[in-house]
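The values are calculated or read from the model by the stated rules, or taken from the named source; none is laboratory data. Because the structure is predicted, anything quoted here is derived from the model rather than measured. FYI the Cβ positions are ideal-geometry reconstructions off the backbone, even for glycines, and counts take in every protein chain you see.
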């Protein structure tokens, strides 16, 4: 299977969502091959081992396996210690199981951390040494790279940008705080806020959708791209909240780059420009001027690419 | 002056306020001798050189000189590049002047960074590897130590906790943003808020002060210590704003320790406990539980001790 003429690749696997996404990645972060499957939460080990065997048939050796998980990884032992979304990966010893099944070195990383590292090596973070990554989806997560290394925090919890207070008199968050960024700007909360405003304003094309079926944050982005004023307003206001959080990150950390990912960023400049404007108003100017605020580039590959590159670094 | 039997000391000088404060510091951060003088903004070099010559007469050799400045230090050149409060230190080449006058290696550091490092080595930060330092005085500054090293940011501006947004609909800050922590919780703003509330409430002992003379944040702390309900309320409310900012730091960075300094901390638990309570409500619980929130210990020595220890590290 391997020979001196075969290029070395790393396999990254993203098991943080409903779909398992595997990417065979070169030493510099390019994706050479992909596999996708519906995630089977109680058979993750077998599923990953199967993907490894499939991709070993491609003309590349695999040097190491990196896995992005929705949970916390103990940096000492490298084991997954908490995962509310995928409890099966905490039970047993998935790492030992996979090492035995594949013969490869195996590393785990939190999904947001892995995605940040993917963007850093091969996406919107290239050329920077310090970045903060924010992903906006069902929840809002973040991760931090300082001097080229993930900063995981004293106990692995750094980057919780979704739970910083944006509106001190806002609504209750699942975390127990009120007015977290997530209560305003996560995809379900963008939809909630849009529904609430539609009760007062029926001129939008979303109004028709809202009266007849559930719509998503992606629908709002789509209507905004079609020029709907109301959808544009919702993105503008959402961007302001995200921009307030971005300003806080800039002021505290003076990173070179903020990389914003997640489905809501599909709206492109309609969300990015309001974020940049508000961050500019709310951050210390010398910090702001030293920061580039950009959209992520790796889309659904980010976690797998980052996990693969972290596996590369560990070998 | 020096001999093999003479212990090695480092001289730290704080030129960040109206008083020049010099401390002769042991290799482990204890203060062996102090000097104070009214700062002469246009003769800083001569003043510092004079302090060096004075303290060289004590029975200790001085191995290096560290200076804490109210401004930005270029990490490449080690020179002070911006100082709105003390512009004289930017003109000419103070470092070369002092090296020539004293024969010592000279290092500069931003005052908040130096104070944080002082607390880290010899104060409330001892035993931690990761801390965020907040100083609350005329302004609010901050600094960050990660894995035992100052994190200065990509261009030297990290730690601007005074300018993170606490109240998105708050009042205008000198920085151009509205609702910065500084607009609520700096010493002059605590006084401003107290005056404003006194116009509506005359039962406090501060009311008498407020009607007859200007009072300070220290007076408010003093009255609170004497049990005045109104002064206690003002500290409680101020603590909540600071606690909101502390929660943000905890969520983003997952540091082990938050160290709070500045004159308002003289109120002790009357301000510290509200800060801790609000931080607990507003931060992600696993991060909060991993963080100690404590008062600074070095008081007016912090900048000089930190500057001395940074000079130690540089030699």
Checklist line | residue A:64, sole failed condition from (1) out of contact with any helix residue (DSSP H, G or I) (no Cβ under 6 Å at 6 or more places or on another chain); (2) surrounded by fewer than 24 Cβ atoms within 10 Å (Cβ to Cβ) | finding: (1)
Item checked: Residues that are surrounded by fewer than 15 Cβ atoms within 10 Å (Cβ to Cβ) and modelled with pLDDT of 85 or more, drawn from segment B:194-215 -> B:195, B:196
Next item on the list: Please find, within segment A:142-153, the residue that is farthest from the other protein chains (Cβ to nearest Cβ) out of those that are surrounded by fewer than 22 Cβ atoms within 10 Å (Cβ to Cβ) and assigned to a loop (DSSP other than H, G, I, E, B).
Entry: A:148
Note to self: Against the condition over 22 Å from the mean Cα position of the chain (by Cα), away from every other protein chain (no Cβ under 14 Å) and more than 30 Å from residue B:33 (Cβ to Cβ), how does residue B:232 come out, does it pass?
What the structure shows: yes
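Tell me, which strands (runs of 3 or more DSSP E) lie completely within segment B:1-109 with 3 or more residues that are closer than 25 Å to residue B:157 by Cα? Walk me through how you get there before you give the answer.
Numbers: elements: B:8-14, B:19-26, B:31-38, B:61-69, B:80-82.
Per the criteria, B:8-14, B:19-26, B:61-69, B:80-82.
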Item checked: Lone unmet requirement of (1) more than 14 Å from chain B (Cβ to nearest Cβ); (2) touching a residue at least 60 places away in the same chain (Cβ under 8 Å) for residue A:98 -> (2)
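With A:295, A:308, A:304 as the choices, which residue is surrounded by fewer than 23 Cβ atoms within 10 Å (Cβ to Cβ), in contact with a strand residue (DSSP E or B) (Cβ under 8 Å, 6 or more places away or on another chain) and farther than 18 Å from residue A:194 by Cβ?
From the options A:295, A:308, A:304, the qualifying one is A:295.
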Check: Scanning for something within 21 Å of residue A:255 (Cβ to Cβ), in contact (Cβ under 8 Å) with a residue 40 or more places away in the chain, crowded, with 20+ Cβ neighbours inside 10 Å and over 18 Å from the mean Cα position of the chain (by Cα), does segment A:154-162 turn up at least one residue?
Finding: no
